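Before I ask anything, here is the structure I am working with.
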Amino acid sequence: MSATQTSLRVLIVDDNRDGADALGLLLEELENQVHVTYGGIQALDVATAFRPDLMLVDLLMPGMDGCTLVSRFRQLPDLAKTKIVAITGQKGDDHKAMALKAGCDLVLFKPVTLAAVRMVLSNIGSTVPATSQTIKFPPPAHPQSAALRLPIGEARKIRSERSTKTLTQPESEAAICDGIIRFQDEYLGCRSESIQSHLIKDMLIIRLQGVLTLAERQLGRSQTPEKGRDLIKQSRKQLLELARPMLESLVHEASGVKVLSMHHDISTVTGEEVIVFSLAEAPRFQ
């Protein structure tokens with residue numbers, strides 16, 4: 001990266017997993033924070049948590065095509081300033097016009113060249129506010145300091161001593177972080193480099209950085225990239241499904257609101273994992 005180029009938060013959305021991961025690795029080599037997801041529906045949840053400066057979106061995807069996804073992005077106030085670049089293999093003015101009408105800032109045609117990627121990063125980096133440029137995941141001095149922790153037993157005691165019988169939002173988020181760390185210790189035998197819990201209206205977003213175990217990384221290397229990636233995602237999803245009752249109970253007790261659904265996504269490029277809980281209503285705190 002040049003001295004004048006800014007590190008960006010980049011979200012890649014493409015159902016072509018090999019192509020998406022390859023682009024993600026390239027952007028990481030250029031010193032950007034990258035999250036890769038492989039479908040439109042997942043990308044909506046991930047973008048809310050990740051809040052990217054730049055999104056690179058494939059136009060032809062099953063389930064939710066790129067233009068529909070971009071239109072949905074443009075309806076979210078938190079992503080109003082995010083730059084969106086469409087990437088498509090369908091060359092022609094009609095596809096370009098559709099992408100721009102949906103809300104894209106630029107359209108690139110596959111195969112995307114390194115020069116084009118550098119041009120996009122350079123142009124967008126100059127428009128990103130300084131506060132966004134410095135967001136990092138600093139490694140904790142010790143795994144115990146990866147998050148503010150509040151054991152659920154202690155949370156119960158605090159709640160019982162209050163007339164409102166409720167926690168504050170920071171206390172609720174700290175109790176959830178503690179529960180997630182215990183889940184990792186007991187089910188995965190590992191702990192994240194960092195964990196963050198965000199309650200946003202009726203949605204709880206858990207972001208974990210650096211959560212691939214050594215066994216998972218070795219599994220990924222022992223297979224073809226596609227098979228290794230799928231095996232890692234499948235095994236992690238199965239573990240989460242087994243722990244779903246415990247996780248939903250934890251969130252319910254810490255927030256005071258029932259969980260409607262749980263969505264999971266993990267990037268085998270960056271190691272970042274996102275767990276999104278949809279809640280029955282927005283929690284009410286002390």
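Using 0.36 nm times the number of residues separating residue 198 and residue 237, minus their current alpha carbon distance, what extension gain do you get?
11.9 nm
While we're on this one: Order the peptides 228-234, 160-166, 52-58 from the highest to the lowest mean number of other Cβ atoms within 10 Å of their residues.
Most protected by this proxy first, the peptides run 52-58, 228-234, 160-166.
Return the calculated 222 nm mean residue ellipticity for the chain, to the nearest 500 deg cm²/dmol, obtained by summing -39500 (n - 2.57) across DSSP H runs with n ≥ 4 and dividing by the residue count.
Result for the chain, helices only: -13500 deg cm²/dmol.
Quick one: check the C-alpha center-to-center distance for region 82-111 versus region 148-216, whole angstrom.
40 Å
When the expected Rg is taken as 2.2 N^0.38 Å, what fraction or multiple of it is the alpha-carbon Rg of region 9-132?
0.95
I'd like the Karplus ³J(HN,Hα) series for region 100-115: coefficients 6.51, -1.76, 1.60, θ = phi - 60°, whole numbers in Hz, and an x wherever there's a Gly or Pro.
Result, rounded to whole Hz: 5, 5, 5, x, 6, 8, 7, 10, 10, 9, 6, x, 7, 7, 4, 4.
Tell me, in nm to one decimal, what length is gained between residue 18 and residue 218 on full extension, where the rule is 0.36 nm per residue of separation less the Cα-Cα distance?
Additional length available on full extension: 70.2 nm.
Considering the alpha-carbon set of the chain alone, what are its Rg and its Dmax in angstrom?
19.8, 66
Relative contact order of the chain, please, whole-number percent, based on alpha carbon pairs below 8 angstrom and at least 6 residues apart.
Relative contact order, the chain: 16 percent.
Starting from the 7 Å offset along Cα-to-Cβ, what nm value, one decimal, do you get for the label separation of residue 248 and residue 101?
Result: 4.2 nm between the two label points.
Still on this structure, I have one more. Which parts of region 200-231 would a label at residue 164 reach, counting a residue when its backbone N lies under 18 Å from a point 7 Å out along Cα-to-Cβ?
The answer is 200-202.
Can you compute the FRET efficiency between residue 190 and residue 285 using 1/(1 + (r/R0)^6), with r the Cβ-Cβ distance and R0 = 25 Å? Round to the nearest 0.05.
In this case the efficiency is close to 0.20.
Something else: What does the charge dipole of region 18-113 about its Cα centre add up to, to the nearest 20 debye, if the Cβ of each Lys and Arg holds +1 and the Cβ of each Asp and Glu holds -1?
It works out to roughly 440 debye.
Please report the antiparallel percentage of DSSP beta bridges with both residues in the chain, rounded to the nearest 5.
Counting only bridges with both partners in the chain, antiparallel ones make up about 55 percent.
Ok, one more. How high is the FRET efficiency from residue 118 to residue 74, r the C-beta distance, R0 22 Å, rounded to 0.05?
According to the calculation, E is roughly 0.30.
Which value, in debye to the nearest 20, describes the size of the charge dipole of the chain about its Cα centre when Lys and Arg Cβ atoms bear +1, Asp and Glu Cβ atoms bear -1, and nothing else is charged?
400 debye
Can you list the aspartates and glutamates whose alpha carbon sits under 16 Å from that of residue 237, skipping same-chain ones fewer than 8 residues off?
186, 216, 248, 265, 272, 273
Further question on the same structure: Nothing charged except the Cβ atoms of Lys and Arg (+1) and of Asp and Glu (-1): what's the magnitude of the dipole of region 146-279 about its Cα centre? Round to the nearest 20 debye.
My answer is approximately 100 debye.
Where a Cα-Cα gap under 16 Å defines reach, which aspartates and glutamates qualify for residue 96, not counting those fewer than 8 residues away within the same chain?
58, 65, 105
Where a number appears in this text, it was derived from the coordinates with a stated rule and is not lab data. The structure presented is a predicted model; accordingly, all values stated were derived computationally and were not measured. Heads up, the Cβs are rebuilt from the backbone with ideal geometry, glycines too, and the neighbour counts pull from every protein chain shown.
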